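Undergrad: One structure, as C-alpha cells, below. Some questions next.
The values are calculated or read from the model by the stated rules, or taken from the named source; none is laboratory data. Given the structure is predicted, the values throughout are model-derived calculations rather than measurements. Heads up, the Cβs are rebuilt from the backbone with ideal geometry, glycines too, and the neighbour counts pull from every protein chain shown. Just so you know, the surface numbers come from the protein's heavy atoms only, side chains and all, with ligands and any DNA or RNA stripped out. Shrake-Rupley method; radii C 1.70, N 1.55, O 1.52, S 1.80 Å.
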Amino acid sequence: KREKILLFAILAVALAVRIPGIFYGLPLFLNDDEPPFPLAALKMIQLKTLLPVLHLEEFRPILFYTPYLSYLYLPLYILYMALAGAYFILFGGGEAAQLADYFLSDLSPFFMIARLVSVAFGVGMVWLVYEAGGLAAGFFMATSLLATALSMTARHWGPLAFFIALILYFLSREDWGVEKRYL
C-alpha cells in the first residue's frame, strides 16, 4: 500500500514537471524536430488522406520522418476541431467558411495537444522504469532533466523510447511463457 502511494506521488511529480513545458515558445517553432508530426497530421486532415505517400509533393516540405506520431494526433486533432469549430460557430459568431482561417491563425492548440501526448508517453515511461527497477529508478526517471525535456515537446524521441521500453517490459516478464513474450 505504501509503495503504491509513493508510486502515485512519483507519477504526479513526473506530470507536474512536464506539464509547464508544453506552453514553451508557442506560437513559434523553436526546434526543427517538432513541426513535422503535427503539421503532417493537419495536412492529412486537409487532404482527407491517411497515406502521405499518395501526396508526396504536398508532404515533402513538412514530413521527413515516418508519420506514426501523426496518426496518433489525428483523432485528437479531429476531436479538438469538432469541439472548437462548434464553439466558434455557435458562440463566436463565425461561419463555417471561416473555420480554416480560424484554425490556421494560431497552431498553438495543435502543438499543445501533441505535447500533451508526449507528456503522457513520458509519464508512462516513468511507470515502465518503476516496473523494471523499483521506486528509486522511477523517481530518477521522473526527475531526469533529459527525460523531462524529451517529453515536453512533440518530438519522436520520447514516444520512441517509451515503445522500446514497453517492448523490453513485455520481453522481460518472467510470469509469461516464451511464446507469449515473443508474440
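Undergrad: Taking the options ASP106, ASP175, name whichever one is part of a loop (DSSP other than H, G, I, E, B), exposed (fewer than 12 other Cβ atoms within 10 Å of the Cβ) and in contact (Cβ under 8 Å) with a residue 60 or more places away in the chain. Spell out the reasoning first.
TA: Numbers: ASP175 fails: in contact (Cβ under 8 Å) with a residue 60 or more places away in the chain.
Going through ASP106, ASP175 in turn, just one is part of a loop (DSSP other than H, G, I, E, B), exposed (fewer than 12 other Cβ atoms within 10 Å of the Cβ) and in contact (Cβ under 8 Å) with a residue 60 or more places away in the chain: ASP106.
Undergrad: Sticking with this one: Determine whether VAL53 is open to solvent by 70 Å² or more (accessible area, probe 1.4 Å) and in contact with a Phe, Trp or Tyr (Cβ under 9 Å, 6 or more places away or on another chain). Step through it out loud before you land on a result.
TA: Details: open to solvent by 70 Å² or more (accessible area, probe 1.4 Å): yes; in contact with a Phe, Trp or Tyr (Cβ under 9 Å, 6 or more places away or on another chain): yes.
Taking the combined requirement at face value, the residue satisfies it.
Undergrad: On to the next question. Of the residues PHE37, PHE59, PHE29, which is surrounded by 11 or more Cβ atoms within 10 Å (Cβ to Cβ) and in contact (Cβ under 8 Å) with a residue 24 or more places away in the chain? Break it down into steps so the answer makes sense when it comes.
TA: Numbers: PHE59 fails: in contact (Cβ under 8 Å) with a residue 24 or more places away in the chain; PHE29 fails: in contact (Cβ under 8 Å) with a residue 24 or more places away in the chain.
Answer to the selection: PHE37.
Undergrad: Cβ-Cβ under 6 Å, sequence separation 6+ or interchain: first residue in region 75-101 and outside any helix (DSSP H, G or I) and at pLDDT below 80, partner open to solvent by less than 70 Å² (accessible area, probe 1.4 Å) and of a type outside the set (Gly, Ala, Ser). Which pairs?
TA: GLY94/PHE88
Undergrad: While we're here: Go through GLY134, GLY122, GLY92, GLY21 for me and flag whichever is among the small types (Gly, Ala, Ser) and on the phi > 0 side of the Ramachandran plot.
TA: Values: GLY122 fails: on the phi > 0 side of the Ramachandran plot; GLY92 fails: on the phi > 0 side of the Ramachandran plot; GLY21 fails: on the phi > 0 side of the Ramachandran plot.
Every option except GLY134 fails the conditions.
Undergrad: Which of the residues that make up region 122-146 are surrounded by fewer than 20 Cβ atoms within 10 Å (Cβ to Cβ) and among the small types (Gly, Ala, Ser)?
TA: Hits for region 122-146 are GLY124, ALA132, GLY133, GLY134, ALA136, ALA137, SER144.
Undergrad: Go through the residues of region 124-147 one by one and say whether even a single one is over 21 Å from ILE22 (Cβ atoms), in contact with a helix residue (DSSP H, G or I) (Cβ under 6 Å, 6 or more places away or on another chain) and not in a helix (DSSP H, G or I).
TA: no
Undergrad: Going through region 110-121 one residue at a time, which ones are in contact (Cβ under 8 Å) with a residue 24 or more places away in the chain, closer than 11 Å to LEU15 by Cα and open to solvent by 10 Å² or more (accessible area, probe 1.4 Å)?
TA: LEU116, PHE121
Undergrad: Ok, one more. How many of the residues making up region 10-26 are farther than 15 Å from MET152 by Cβ and either in contact with an Asp or Glu (Cβ under 8 Å, 6 or more places away or on another chain) or surrounded by 14 or more Cβ atoms within 10 Å (Cβ to Cβ) (or both)? Let's see the steps before the verdict.
TA: In the first step, residues of region 10-26 are kept if they are farther than 15 Å from MET152 by Cβ; the result is 10-12.
Right, trim to either in contact with an Asp or Glu (Cβ under 8 Å, 6 or more places away or on another chain) or surrounded by 14 or more Cβ atoms within 10 Å (Cβ to Cβ) (or both) and you get 10-11.
Looking only at that region, the number is 2.
Undergrad: Here's another thing I want to ask about it. Just give me the residues in region 42-87 being within 17 Å of LEU99 (Cβ to Cβ) and under 16 Å from the mean Cα position of the chain (by Cα), in sequence order.
TA: Scanning region 42-87 gives LEU42, TYR77, ILE78, LEU79, TYR80.
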